[in-house]
Protein chains: 2
Amino acid sequence: MLLLSAARALVDGIDAGVRASGFTGLRPAHGYAFARLSGAGATVTELAEHLEITKQAASQMADELVQKGYVERRPHPTDARARLLVLTPQGEACTRAADAAAEQTLRPWAESLTPAELAGLRAALARLATPGRIRPTW
Amino acid sequence: MLLLSAARALVDGIDAGVRASGFTGLRPAHGYAFARLSGAGATVTELAEHLEITKQAASQMADELVQKGYVERRPHPTDARARLLVLTPQGEACTRAADAAAEQTLRPWAESLTPAELAGLRAALARLATPGRIRPTW
DNA sequence: AGAATTAGTCAAGCTGCTTGACCAAATAGT
DNA sequence: ACTATTTGGTCAAGCAGCTTGACTAATTCT
C-alpha cells in the first residue's frame, strides 16, 4: 500500500511540476510516450508496444501530441511505410521539466537516506520491477 | 522510474493472483473500492471520495459489484437517505486473496532485505506517500 | 415550519481506448 | 523476377468508464 501511495505521490508531483512549468494539455500517460520518443524517436508501432496499447490508440495519441506541438512526424529514413515520431524542442523541454519535477519530488526523500540505504533501496526496487512495464494502467 | 515500475509489478501481481483464485470480472480499480468497503462498509458518497471520482461513477461501480456478487446494499442504520455498501462473504474472500497475492508478490523482495532495512524502507515510503491517495489514476 | 444541505439516482455526453477492415510498402518463397 | 505473405499505418465504428447537469427524498439548520 505504501508503495502504491508513494508511486501516486510521485506521479502527482511530476504532473504538477510539468503543469507549473507551463506545459498544458498533458496527461501523465503522455510522460510515458515522451520517455520512449526521447532520443532517437520511435515509430507508431514501437510506441504502441511500449505503452501496451493498440497501434490505433498510439497513432491517435501521436496526433494529439503533434497538434499540441510536442511531437513531429518525419519520414522514416529506411522504411517508406513508417513514419518516425520525434520530440520537438518544446517536447524535449517538457521532458526536462518532468525530470526536474521528479527530482524535486524525490529530493526530501533521497536526502533522508544515507547513500548506502539509497543504493540498497534502488537495488531492491530493481529486483521487483518488471523492466519496461512502467505504466500502471488501471 | 523504478518506483513506478515496482508499483506496476505489484498491481499486476495482485491482479493475477486474484484472477488465479477464481475471482473474475474484477479490475485493479475495484481493489481500492474493496479496501474502503472492507470492515464497516461505506456509503456511495464515502466510496466516491475515497476513489476521487464522482458519486455517479461510484454508484455505477457499486451496481456492478453488487451484480457480480461482491457487494451488498443495505439500508443505512441511521440515515434513511443513505445506503450502506458492505462486502459479501465472496467479497471478503476476494480481499483475502488479494492480500495473499500482494504478500506473495512482495515476498522475494522482503526476504532480500534485513528487518532493519525493511523498516527503514517502510518509513521512507511513508514519508513520501500522501495518506489515502492510493490509486494512481492516470 | 421553512430554507438550505446532503445522499443518491437518472440521463446524456465525452474521451480514450478497442475491434475490424483496409491500403501501401517491404520481405519471403518459389 | 513475381507472386504471396507480412508489416506499418490509417479510417471507421463501437464500447466502457467517467463526467456534468438535473432531479427526488431525507436530513439539518435557523
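The values are calculated or read from the model by the stated rules, or taken from the named source; none is laboratory data. Keep in mind that what you see is a predicted model, and the values were worked out from it rather than measured. Glycine also receives a Cβ, built like all others from the backbone with ideal geometry; neighbour counts cover every protein chain displayed. Each accessible area value is taken on the protein alone, full model and side chains, heavy atoms only, with ligands, DNA and RNA left out. Shrake-Rupley method; radii C 1.70, N 1.55, O 1.52, S 1.80 Å.
A compact table of results
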| read-out | value |
| --- | --- |
| Rounded percent of accessible protein surface that carbon and sulfur make up, the stretch A:54-132, 1.4 Å probe | 55 |
| Within 10 Å of each Cβ in B:122-132, the average number of Cβ atoms from other chains | 6 |
| Listing of the stretch A:68-115 residues, each with accessible area lower by at least 50 Å² in the full protein assembly than in the chain alone (probe 1.4 Å) | A:Trp109 |
| Loop-located trypsin sites (Lys or Arg not before Pro) in the stretch B:3-86 whose Cβ has at most 12 other Cβ within 10 Å (DSSP) | B:Arg81 |
| Dimensions (Å) - the protein assembly as shown, Cα atoms, principal axes, largest first | 66, 44, 36 |
| Long-range amide H partners of B:Thr88 with built H, under 5 Å | B:Val71, B:Glu72 |
| Solvent-accessible heavy-atom area per residue, rounded to whole Å², over the stretch B:2-128 at 1.4 Å | 52 |
| Chain A: angle of helix A:115-128 to the longest principal axis, Cα-based, in degrees nearest 10 | 50 |
| Heavy-atom SASA rank of A:Asp12, B:Asp63 (probe 1.4 Å, accessible area, largest first) | B:Asp63, A:Asp12 |
| Selected from A:Thr105, A:Thr88, A:Thr114 as most flexible by GNM, with chain A as the system and alpha-carbon contacts under 10 Å | A:Thr114 |
| Spatially proximal lysines relative to A:Lys55 (Cα-Cα < 19 Å; intrachain offsets below 8 disregarded) | none |
| For the stretch A:7-128, alpha-carbon Rg over 2.2 N^0.38 Å | 1.21 |
| Loop GluC sites (Glu not before Pro), the stretch A:36-72 (other Cβ atoms within 10 Å of the site Cβ: 14 or fewer; DSSP) | A:Glu52 |
| Net charge dipole size for the stretch A:4-49 [Lys, Arg +1 and Asp, Glu -1 on Cβ; Debye, nearest 20] | 120 |
| Solvent-accessible area buried by A and B, counting both chains, probe 1.4 angstrom, square angstrom | 3800 |
| Net charge dipole size for the stretch B:2-128 [Lys, Arg +1 and Asp, Glu -1 on Cβ; Debye, nearest 20] | 180 |
| Residue of A:Leu87, A:Leu37, A:Leu128 that the Gaussian network model of chain A assigns the largest fluctuation, springs spanning Cα pairs under 10 Å | A:Leu128 |
| Student exercise, the protein assembly as shown dipole from Lys, Arg, Asp, Glu Cβ charges, in Debye to nearest 20 | 320 |
| Other protein chain Cβ atoms within 10 Å, averaged over every residue that makes up B:8-14 | 6 |
| Highest-MSF residue in chain A out of A:His50, A:His76, A:His30 [GNM, Cα springs under 10 Å] | A:His76 |
| Residues in the stretch B:74-98 that a label on B:Val66 would reach, taking backbone N under 15 Å of a point 7 Å out along Cα→Cβ | B:74-77, B:81-88 |
